[in-house]
1. Quick one: dipole size for the chain, taken about the Cα centre, charges +1 on Lys/Arg Cβ and -1 on Asp/Glu Cβ, in debye to the nearest 20.
2. With each pseudo-label sitting 7 Å past Cα toward Cβ, what's the Asp8-Val159 distance in nm, one decimal?
3. Answer with a single label: of [x] 4, 16, 26, 27, 15, 7, 4, 2, 1, 0; [y] 5, 20, 30, 27, 14, 4, 0, 0; [z] 4, 20, 29, 24, 14, 7, 2, 0, which was calculated as P(r) over Cα pairs in 10 Å bins from 0, in percent from the structure in view?
4. Between Thr319 and Ala139, with labels modelled 7 Å along Cα→Cβ, what's the label distance in nm to one decimal, could you check?
5. Measuring with a 1.4 Å probe in the full set of protein chains, what accessible area per residue, in whole Å², belongs to the chain?
6. Provide the net charge surrounding Ser241, with neighbours chosen by a C-beta distance below 10 Å and charges set as Lys +1, Arg +1, Asp -1, Glu -1.
7. Taking a threshold of 29 Å on the Cα-Cα distance, which of the pairs Lys130/Lys249; Lys107/Lys225; Lys130/Lys393; Lys52/Lys107; Lys107/Lys249 fall above it?
8. Please compute the net charge surrounding Lys376, taking Lys and Arg as +1 and Asp and Glu as -1 over other residues with Cβ under 11 Å from its Cβ.
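The values are calculated or read from the model by the stated rules, or taken from the named source; none is laboratory data. The structure displayed is predicted, hence computed values, not measured ones. Counting neighbours? That spans all protein chains shown, and the Cβs are built from the backbone with ideal geometry, glycine included. Note: areas computed on protein heavy atoms with side chains; ligands, DNA, RNA excluded. Shrake-Rupley method; radii C 1.70, N 1.55, O 1.52, S 1.80 Å.
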Amino acid sequence: MQYFRPDDPYYVGDCMPFFHEGTFHFYYLQDENHHRAKGGLGGHQWAHSASKDLIHWEHYPLAIACTEDWEGSICTGSPFYHEGTFYGFYATRMPDRSEKLSIAVSKDGITFEKTEPNPFASPPEGYMAKHYRDPFVFADETTDEFHMLVTASLEQPDVHNRGGCLLRLTSTDLMNWQVAEPFLIPGGTVSAHNAVPECPDYFFWNGWYYLVFSLDGTAHYRMSKNAMGPWLRPAFDTFDSSIGANVMKTAAFNGDRRIGVVFLTSRRDDKDDGDRMYGGNAVFREIFQQSDGTLGTKFPSEMVPAYGDKLELPYLSLTAGATGSAQSVHLEAPEGFEAAALEDLPRNARIVLTVTPGADTTDFGLSFRGSGRMEKGYELHFLPEQKKATFIKQVATPLDGLGQPFSIEIVLKDDIIDICIDQRCCLIDRCPELTGDRLFFFCHNGSVTFDSIEISPLL
C-alpha cells in the first residue's frame, strides 16, 4: 500500500486513517482526474481499504459515495466509533461551491448509510460559506461530551484576512451539534483557497495532546498537556518539509504506535514548474514521539516495498580524492569538491547506507537518477553547520547531529524518490524528468565515508 493509487482515472486524495479493535482502516477521497469531476466540484467519494498488519490489505467498495445530483463532492472528514456504531462525519460541497456538514453511519465500518437531514449543518452566521469542511470528532471522557473541529473562516476577523480557524462544535449524542467558538485561529491569510487550517486531527499520546492541521497542504502540529489547550508551537512544527506531501492525518496502531498518511500530489505534464495537481499516491509514515513530546517521522518497516538481492554495481571515481567500491565510498575534499558514482542503478530500487562525515565537513550528499559526470541528477545535500538537509526545493531543519554517523534509507519507485534520514526525518518528491542510472556521491570542503551500501531492485 505504500505509494498506492487506484487505477486510472482515479487518484488518492485526502486520507483519513482510523484504528479500531486491531484493524487499521484507510479511508481516503477517491479523486477523479485531479479534482476535475462534476465541473470542478471534485466528485470525491470515500474509498476504503483495511489491514491488521500493514502488509496484507483488503479493498472494499466505496464507503460513502455520491448518490444525489446535488452532491458535488463527498469531502474530507473523520470516522468515529461509539457504542457499536461507526460514524462517518464529512462535508458536502454543494453546486454553488458552498460547504455543509453531513453524517453517515455503519455497523461494520464498511457499508455506510447517510442520515437525515442531509446536510445537517451549514456555516453559522459570521463564517464564510465556502470554508466549512473537514469535520473531526473526538470525545471528552471527563464530561461525556463530544467535540467537532471544523475548517472554517471568520467573515470579519479581528485582524484583516486572518480569520481562518478551526471552529468547535459540541454534542451529547453525535447527531445534534451546537456551535461553540473557534478552537484555534493560527493567523494565516485566507487569500488562497487552502490557507485556512484544513483537515484537523487530534489525539492523546503518552502524556501529550496533539492538534494537527494543514496550511496550504503542509501539516503542522501543536502540543499541550491539557485537552483543550493552550497549545504550544514546537520550534519545528511540521512533520517534514516535503513539497506535495499533503494534509497528513494520523491513527493509532498496535503496540502504542502511530501511523500518518498523506497523498503525494501529481505533477502537470511532468514539468518541474511547481504546477501541482490534486490527487496522487498514498504515502504512509510512522510517527514517533521524542522525549520532549515533539514528533518525527520514519518509514513504517512493514511498508517498505518488497525488494530482491543486493546488487554489485560498478564503481567509478570522478575525481582524484575519491576511492571506493560497490559497498563503500570515501571522499577526501579538504579544499574543493570530490565525487564518485555507482553505475547501472535500477529505476526502482531500495538503497540503504551509513554516512560518517569528517570533522567540520561543509557539504556532502547523494545525487539520484544521475547521468554523465554529475551533469544531471536529483541532489540530496547535508549541511551539518546549518543543521539541515536539502532535496531539490525542499529543506529539512533543524537536523542536529549531521556531523556524526547516521543512516539513510531511500526508495526509488517509478517517478517517486522517498528518503528517510537517520530514522527521524523523511523527504519525498515526485521526480519524473530524469532517468539516468548513476548514483553520485559528493563532498565539498571536508571528508565523508559512505559505508555499508546496499542497493536492491524492487520486485
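1. Working: 38 positive and 64 negative charges, 76 e Å.
It works out to roughly 360 debye.
2. Result for the modelled spin labels: 4.8 nm.
3. From the options [x] 4, 16, 26, 27, 15, 7, 4, 2, 1, 0; [y] 5, 20, 30, 27, 14, 4, 0, 0; [z] 4, 20, 29, 24, 14, 7, 2, 0, the structure gives [z].
4. 6.1 nm
5. On the way: 18470 Å² over 459 residues.
Ligands and nucleic acids excluded, the result is 40 Å² per residue.
6. Around Ser241, the surrounding residues sum to +1.
7. Values: Lys130/Lys249 22 Å; Lys107/Lys225 34 Å; Lys130/Lys393 31 Å; Lys52/Lys107 19 Å; Lys107/Lys249 23 Å.
Beyond 29 Å between Cα atoms: Lys107/Lys225; Lys130/Lys393.
8. Numbers: positive: Arg369, Arg373, Arg438; negative: Glu375, Glu379, Glu433.
Summing Lys/Arg as +1 and Asp/Glu as -1 gives 0.
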